[in-house]
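Report on one structure; see the data block that follows.
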Amino acid sequence: MAHETITFTNCFGEALGPFLTALRATGFFEAEIFMTMMTAASVLLFAYLVRTAGKSPTGGMNHRFIARPLWMAACFALCFLATNVTAVALKTLIVEELDYERSVWFAPLVGPLHFYILSVVVAYLVLIFRARRAAFVRVLCAYVQVGLLGGYMAGAYRFFHEPITLGDPTSGISGLVFVAWFGLYNWDIAARYRSTWYGNRSLDERRREQIAASYADVRTTDRCP
């Protein structure tokens, strides 16, 4: 397909014009093709990250309140998002690939929004599998938290503005799923941020340590002449 026959949504799409044109000519942007390929890529990415991180990709966190299968599924969901959002971000740089029946004013923003989502997902994966320095962990936690707030708003919008149909996974009920899903990630983000100040210990453990330390101070004082 010739480059001139494609309309790009913004200047970034125009800069990637030759690459996007060649990619579109292969049929990659057909949903059944890119989803199959990117899902396979997400499986490989997840396997690689788990292998390099150890048996449980917790990033050093003691997730006693999250069942291991649930946490592994949450980590795989991030890998799935990383690969598939990449394809969608590239796809939405082409006007002809947008799923809107008519021209919309926000078309130039759809691609950049997906690249932003991709950046949040990548930051979270780095946070889980690579980040160890406290300052870096805090920065990543803050960045991911902003993205999660956007996710909550998207979930709430879908719940209140889409029809509720149990048989349709894209209906308003998916908004509740989004909120619960992002809530799990938010619990993890909060735990990681807290660990940079207190270590990977629960509040009860820290209180017991403080009580033990206070008793030790009292005994030391009593022994003084």
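The values are calculated or read from the model by the stated rules, or taken from the named source; none is laboratory data. This is a predicted model, so every value here is computed, not measured. All Cβ positions, even for glycine, are placed from backbone atoms using ideal geometry, and neighbour counts span all protein chains on display.
Determine, yes or no, whether residue 110 is among the hydrophobic types (A, V, I, L, M, F, W, C) and either farther than 27 Å from residue 22 by Cβ or modelled with pLDDT under 90 (or both).
no
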State whether one or more residues within the stretch 48-63 are buried (at least 17 other Cβ atoms within 10 Å of the Cβ), modelled with pLDDT of 80 or more and not in a loop (DSSP other than H, G, I, E, B). yes
Going through 152, 157, 143 one at a time, which residue ends up being among the aromatic types (Phe, Trp, Tyr), outside the structural domain of residue 30 (by TED's automatic domain parsing), surrounded by 13 or more Cβ atoms within 10 Å (Cβ to Cβ) and modelled with pLDDT of 95 or more? 143
Flag if residue 127 is crowded, with 18+ Cβ neighbours inside 10 Å and part of a helix (DSSP H, G or I): yes
State whether one or more residues within the stretch 154-176 are closer than 18 Å to residue 75 by Cβ and touching a Phe, Trp or Tyr at 6+ places or on another chain (Cβ under 9 Å). no
I need every pair where a residue in the stretch 84-109 that is assigned to a loop (DSSP other than H, G, I, E, B) has its Cβ under 6 Å from the Cβ of a residue that is β-branched (Val, Ile, Thr), sequence separation at least 6 or different chains. 92/110; 93/9
